[in-house]
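Working notes, structure below.
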Amino acid sequence: MFSRRRSIRKYMGKKVEDVKIKNILFAGMCAPSAGGNRPWIFHLVKNTEKLDMLSKAHPYASMVKSAPVCIVVSYDTQKIRYKDWFVQDLSACTENILLAIENEGLGGVWLGCYPRMERVEGIRRVLDIKERYIPFSMIPFGYKAESKEEYEKFDKEVVHYVE
Ligand SMILES: Cc1cc2nc3c(=O)[nH]c(=O)nc-3n(C[C@H](O)[C@H](O)[C@H](O)COP(=O)(O)O)c2cc1C
């Protein structure tokens, strides 16, 4: 599953079943977080007008417009007990979501939002997200309308075996 995951930016119009969406959100909530703080919240977007607006709130997000679903992963500034670690927490959450998308037979892509504050503010405006929440990543996904080859990712040059 890990090597099959690729960034998929083209989607079929087919509806994504609610049970799959729930499994994908659940995977995000299963991510490890510093001190078990779990500082994430999710906005689930299916509304075509909002998807269109989200695609314009980020310079490299044109595929959001044609996705049937997009999850915006944000962090809750009032929930952060371990502030130094929120980027790692939200990254683990985002990657769990991407792997769950692949596992459900779907495809998606990680779109970085935080720390580009113009993206954060644009997304906040579109979804009317409160100040306390900071959009960290957007993940548009759906049934794949492009196929990408698995390629050899194991790079022995980056491993130092310590004896
Ligand atoms: C932090 C982060 C930000 C990214 N932002 C974007 C983005 O704004 N637009 C996009 O199309 N892909 C984005 N990507 C996806 C990468 O381009 C992609 O993972 C990379 O090219 C490797 O391809 P693969 O995911 O198919 O292995 C982002 C990935 C990460 C981890």
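The values are calculated or read from the model by the stated rules, or taken from the named source; none is laboratory data. Predicted, not measured: the structure shown is a model, and the values here were computed from it. Using ideal geometry, Cβ is built from the backbone for each residue, glycine included, and neighbour counts are taken over all protein chains shown. The accessibility values were calculated without ligands, DNA or RNA, using every heavy atom of the protein model including side chains. Shrake-Rupley method; radii C 1.70, N 1.55, O 1.52, S 1.80 Å.
Things to note:
- Selected from Phe86, Tyr114, Ala34, residue furthest toward positive end of dipole (the chain; charges at beta carbon): Tyr114
- Percentage relative contact order, segment 18-158, counting C-alpha pairs under 8 Å, at least six apart: 29
- Among Cys30, Cys70, the order of accessible area from largest down is Cys30, Cys70, computed with a 1.4 Å probe on protein heavy atoms.
- Rounded to the nearest 500, the 222 nm mean residue ellipticity of the chain from helices alone is -9500 deg cm²/dmol, with -39,500 (n - 2.57) taken per DSSP H run of at least 4 residues.
- Simple spin-label estimate for Tyr82 and Phe42 gives 2.2 nm between the two label positions (7 Å along the Cα-to-Cβ direction from each Cα).
- Student exercise, the chain dipole from Lys, Arg, Asp, Glu Cβ charges, in Debye to nearest 20: 560
- Within the shell of other residues whose beta carbon sits under 9 angstrom from the beta carbon of Thr77, the net charge comes to +1, with Lys and Arg scored +1 and Asp and Glu -1.
- Rounded percent of accessible protein surface that carbon and sulfur make up, the chain, 1.4 Å probe: 52
- Whichever aspartates and glutamates have a C-alpha closer than 15 Å to that of Lys65, once near sequence neighbours (fewer than 8 apart) are set aside: Glu49, Asp52
- Which listed pairs, of Lys83/Lys153; Lys22/Lys148; Lys130/Lys153; Lys46/Lys148; Lys15/Lys153, have C-alpha distances above 30 Å, in listed order: Lys83/Lys153; Lys130/Lys153; Lys15/Lys153
- √(5λ) per eigenvalue of the Cα gyration tensor, segment 18-158, largest first, Å: 22, 21, 15
- Under DSSP loop assignment and at most 13 Cβ neighbours within 10 Å, longest chymotrypsin sites (Phe, Trp or Tyr not before Pro)-free interval of the chain: 61-150
- Accessible area of the chain divided out per residue, in Å², using a probe of 1.4 angstrom: 58
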